[in-house]
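For reference, the structure is listed below as structure tokens.
FYI, it's all coordinate maths here, none of it is from the lab. This one's a predicted model, so the numbers in the text were calculated from it and none came from an experiment.
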Amino acid sequence: MPHLDGLATFDSRYRLRDLIEKRGDVLRRARSLPAGSERNQLRQIAVSLRALCKNGKWLQANTVEGVFAVRDNEAALPHAINNAR
């Protein structure tokens, strides 16, 4: 854990793989529920995660991979996101 002037700092960046996996988990959970508000809310979360994974500026600022997540996964990312359905 990095320290700044003796105080602990926390890195709140995500791993791209974890975001994609989380989206798949949320979608699977939503599919297991009957139609209703809880299911719709989970589906909306999955849509939001998908949008974040496609936003290059957000990925650069909020993922461990940073700019490499955008550059290296550009071709594979849409495929990985669509397979999480």
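Tabulated results
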read-out: Under-5 Å amide H pairs with Thr63, H placed in peptide plane, nonlocal only; value: Tyr14
read-out: Derived scalar couplings ³J(HN,Hα) [region 44-61; Karplus, 6.51 cos²θ - 1.76 cosθ + 1.60; whole Hz; x for Gly, Pro]; value: 5, 4, 4, 5, 5, 4, 5, 5, 5, 5, 9, 8, x, 5, 5, 4, 5, 7
